[in-house]
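We did not get these values from a lab; they are worked out from the coordinates using the rules stated. As the structure is a prediction and not an experimental result, all values here were calculated from the model. Every residue, glycine among them, receives a Cβ derived from its backbone with ideal geometry; neighbour counts consider all protein chains shown.
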Protein chains: 6
Amino acid sequence: MRSDSSRRSRGAQKIGEVLGQTPEQVERSLGDVAPQLATYVIETIYGEIYQSSTLDLRTRQVVTVAALATLGTAAPQLRTHIGGALRCGVTREELIEIMVQLVPYVGVAAAINGVAACREVFAADDKR
Amino acid sequence: MRSDSSRRSRGAQKIGEVLGQTPEQVERSLGDVAPQLATYVIETIYGEIYQSSTLDLRTRQVVTVAALATLGTAAPQLRTHIGGALRCGVTREELIEIMVQLVPYVGVAAAINGVAACREVFAADDKR
Amino acid sequence: MRSDSSRRSRGAQKIGEVLGQTPEQVERSLGDVAPQLATYVIETIYGEIYQSSTLDLRTRQVVTVAALATLGTAAPQLRTHIGGALRCGVTREELIEIMVQLVPYVGVAAAINGVAACREVFAADDKR
Amino acid sequence: MRSDSSRRSRGAQKIGEVLGQTPEQVERSLGDVAPQLATYVIETIYGEIYQSSTLDLRTRQVVTVAALATLGTAAPQLRTHIGGALRCGVTREELIEIMVQLVPYVGVAAAINGVAACREVFAADDKR
Amino acid sequence: MRSDSSRRSRGAQKIGEVLGQTPEQVERSLGDVAPQLATYVIETIYGEIYQSSTLDLRTRQVVTVAALATLGTAAPQLRTHIGGALRCGVTREELIEIMVQLVPYVGVAAAINGVAACREVFAADDKR
Amino acid sequence: MRSDSSRRSRGAQKIGEVLGQTPEQVERSLGDVAPQLATYVIETIYGEIYQSSTLDLRTRQVVTVAALATLGTAAPQLRTHIGGALRCGVTREELIEIMVQLVPYVGVAAAINGVAACREVFAADDKR
C-alpha cells in the first residue's frame, strides 16, 4: 500500500482522539515486519472509515468492542478498543454491560472473557 | 424453564418497546416445538438482561446488531434486531455505517451481508 | 485418497447403522466432482473414527449434533446428523433439549436455528 | 438481573452436582466486576436450563464439552466443563474420544487443543 | 471514504484482471445503499492490497478462496472468488483439491459446501 | 483408528518433506493421551490427502496457512504450518503478504495475529 500524506494526517488525528496514540506508536506496536498493516490501520481505518461523521466515536467504539468480543480471537485488539471506548466516553459500567448484552447472542464464555479484558484495562488505567 | 409471571410481564413490556411485538408473537415465531426458547427470550433476555438501565435501548441494539452481523450465522435474528434498532432510534444511515465499521475487524463479506440485511428490513418497512 | 476395500466395507456397515444409507447414496449426495470427499466420509469417518467402541453411537451423534449446531455454517450436515441421532436412539425431546443446552454457551440464535433444523427433520420423518 | 432465591437454591444444588462448587466459588471466580454474570450462571444456567430432566447430566456435559471445544475461544470454560463431565460420569477415555469425534467436523486443531485441555484437567485431578 | 481517482483507476484495472468486471458492475452489485463499501472494494482491496507484486494473482486467489471457504459465512463472495481464481489460472481440479485440503483443518462440512460452490460456478461458466 | 503400514510410510515421507519431522516427533508432540490423533495426522492427512499431486506442496501450504490464520483458534498449528510453508518454498515476504491479503476478508486482527506468528517462526529459524 502506498502511503498518502493527507490520509495519514487525518488518520493521525483520529488515532489520537480514539486511542491516545501517535501513528509512530501504532507502527512500533505492529512491528517492522509488516509496514502495510500499519499503513492500513492509520490510513484506511482511521484516515477513511473513522472519518465519516454518520456515527459518533462513542458508537463506533461500542460497535468495535462488541465485534471483537464476539470474534473471541482478538484479545489484544479487544483490550486496545476497550481503552478507546473509555477515551470516547463509554463508562466502565457500560463496557461491562455491553459484555452482559452479548450473553444471549454470543454465549457466556465470550462475555466472561470480555469482562476479564475490561478488568485488565481498568487495572492498567488505575495504575497510571 | 419455569415461567415466572413478574419476569414475563416485565419482559413483555420491553419486547413491545424493542421489537414492537407481543410475547404471543414471539412464542408463535419460535414455534411450538421449543417453548423453553420462547421463555428464555421473553423472561431472561427481555425480562432480565434488558431491564438494567446501565445501557439505553439504543446502545443495546447497536451491540446486538454488531454481534449478530459479526457472527454471520444468524440472518433471521439480525433482521429482527435491525428492526429493533430502528425502533430504538438508530437511523438507517447509522445502521449502514455500523456495517462499514465492521469492515476492518470482521471483513468485507460480513459488512456486505449486513448491508443486504438492512436493505431487506428497510424495504419491508417501506411497504407497510 | 486411495480407496481401501476393508475400510470401505467397515464404513459401509456403520453408515447403514448411523444414517440408514448405503455408500452409493453418500457418493451420489456428494456428487461426482469430488470423489475424494466421499472416500473420506465412508472410509475415514465411518470406516475409522466411528469404529472405536470407546463412545457408543448415541454419544457420537450427540457430539456431532452439538458441534454442527455450534458451527452454524453446516445446515445440510446438521439435518443429516439429527436424522442419524434419531436412528441411534436420541429422542426428539432430547434433540430439542440439546439445542436448549447450547443457549448459554453458543447463543440463542444457534439454538433457534438448531430447533428449526430439528423441526424440518421431524416433519420429513412424519411424511414417510 | 434480579436475584431470585428459589432459582438460586435450585442452581446451587445443581452447581454442586456438576462442578463440585458452591455458588460463592462461582461468584469469586467471576470476580466482583460483573455480578450479573454470576447471577446468570447460577440462576439461569444451573437454576433453569439444567433443571429439565429431559437430558441427564452426563449428556448435558457431553453437549457442553463438544460445543466449547468447537468454539475454540473458551479455554477456561472448556476445562471447567471437562471437569464437570468427569464428575457426571464421562470417563477420561470418552472425553478423549469426544475430541477425536470432532476431527472430521471441526478440524484437527480443535481436537488437539481439546485433548490438551483434557490432559491439563486430568493432571490437576491426579495431583489432588 | 473519499474516492481517490488514481487508486480508483489502478483498482479498476485489477478488478478487470481478477474478476473480469468493471468498477461500475461492482458498484451495481453492492447496491446504492452503501457506496462506501464499493469504494472500499475498488480502491482499498483492488487499488491498494492487490497492487503489491509480492504475491502473484494466482496465489492471492488461492488465499482468498481458502479464507472464504473457511469462514463458511460468505457464500456469494466465495463464488465470486472461485470465478476470480479460475480467471487467474487456478484450474477446476485445483479448486476442488483446495477444498479437500481444508478437510483436516476446517472440517468436512466446509469442504462439502466449498465443493458445492465450485460446482455452481463451473456450471454457470459452462452455460455461457 | 487402525494403523496401516503403507499409509504410514507414505505419510512419513511427506511429513519429512513438509514439516522436516519424523512420525515419531509428531507422535511425541501430540502426547500419549490420544494416539488416534497422531495416526490421523500421519496416515490420513499426510498419507492420503497430501498424496494427491493435483496441488503442489507450496500451494497446499498456502491453503493451510490461510485457513489456520482465518480460524484464529489454532495458534500452535499455524506456527507449524508457517514453518512448513517456508520449507515448501513460500518466502517470508510472501507469508507476510498472505496475512495482508486476509485483511479485507477476515479482518485486521487475524492479519496482525498471523504476522505475529510469522515473526515468532522467523525468529526461531534465525536462532538455529
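Once the label point is set 7 Å along the Cα-to-beta-carbon vector, what list of distances in nm do you get between F:Gly20 and its counterparts in the other copies?
Result, one decimal in nm: 4.2, 4.4, 4.4, 5.4, 6.3.
Give the angle, between 0 and 90 degrees and rounded to the nearest 10, that separates the Cα long axis of helix F:75-87 from the longest principal axis of the Cα atoms of chain F.
On a 0 to 90 degree scale, this one is about 90.
Arranged from highest to lowest average of other beta-carbon atoms within 10 Å per residue, in what order do the peptides B:19-25, F:74-80, D:69-75 appear?
Order by mean packing, descending: D:69-75, F:74-80, B:19-25.
Calculate log10 I(q)/I(0) of chain D for q = 0.17 Å⁻¹, where I(q) comes from the Debye formula with a single equal point scatterer on each Cα and nothing for solvent.
-0.90
If you count, for every residue in F:11-18, the Cβ atoms of partner chains within 10 Å of its Cβ, what is the mean?
0
Could you state the angle between the C-alpha long axis of helix C:57-71 and the longest principal axis of the C-alpha atoms of chain C, as a value from 0 to 90 degrees rounded to the nearest 10?
70 degrees
For E:Glu93, place a label point 7 Å from Cα along the Cα-to-Cβ direction in every copy; what are the distances to the other copies, in nm, shortest first?
The projected label point of E:Glu93 is separated from its counterparts by 3.2, 4.5, 5.6, 5.6, 6.7 nm.
Under a Cβ-Cβ cut-off of 13 Å, what is the net charge of the residues other than B:Asp125 that fall near it, where Lys and Arg count +1 and Asp and Glu count -1?
Values: positive: B:Arg79, B:Arg87, B:Arg92, B:Arg119, B:Lys127, B:Arg128; negative: B:Glu120, B:Asp126.
Cβ neighbours under 13 Å give a net charge of +4.
When chain A is treated as a GNM, springs tying every alpha-carbon pair under 10 Å, which of A:Leu30, A:Leu86, A:Leu57 comes out with the largest mean-square fluctuation?
Highest fluctuation of the listed residues: A:Leu30.
When each copy gets a label point 7 Å from Cα toward the beta-carbon at D:Arg8, what are the spacings between them in nm, shortest first?
Output for D:Arg8: 2.4, 5.9, 5.9, 6.3, 6.4 nm, nearest copy listed first.
Mind checking the mean number of beta-carbon atoms from other chains within 10 Å of the Cβ atoms in F:74-82?
Mean partner shielding for this stretch: 3.
Assuming 0.890 mPa s and 25 °C, estimate D for segment B:30-95 with Stokes-Einstein, Rh taken as the Kirkwood radius over Cα pairs, in µm²/s.
192 µm²/s
Considering the rotational relationship between chains B and E, which residue of chain B contributes the beta-carbon of minimal distance to the axis, and what is that distance to the nearest Å?
Spelled out as residue then distance in Å, it is B:Thr73, 4.
List the lysines whose Cα sits under 24 Å from the Cα of C:Lys14, skipping any in the same chain fewer than 8 residues away.
By straight Cα distance, C:Lys14 reaches no lysines at all.
At a Förster distance of 22 Å, what's the computed FRET efficiency of F:Glu17 paired with E:Thr54, Cβ-Cβ distance as r, to 0.05?
0.35
By count of other Cβ within 10 Å, fewest leading, how are E:Asp125, E:Asp32 ordered?
The fewest-first ordering by Cβ neighbours comes to E:Asp32, E:Asp125.
Starting from the Cα of F:Arg128, move 7 Å in the Cα-to-Cβ direction to define the label point; list residues of segment F:85-99 whose amide nitrogen is under 19 Å from there.
F:85-96
Based only on other Cβ atoms within 10 Å, what is the fewest-to-most ordering of E:Arg119, C:Arg7?
E:Arg119, C:Arg7
In peptide F:57-63, how many Cβ atoms from other protein chains are near each Cβ within 10 Å, on average?
Taking the mean over all residues of the peptide, I get 6.
What Rg and what Dmax come out for the protein assembly as shown when only alpha-carbon atoms are used, in angstroms?
25.1, 69
For chain C, what is the relative contact order in percent, using Cα pairs closer than 8 Å and at least 6 residues apart in sequence?
Taking the mean separation of contacting Cα pairs over the length of chain C, I get 23 percent.
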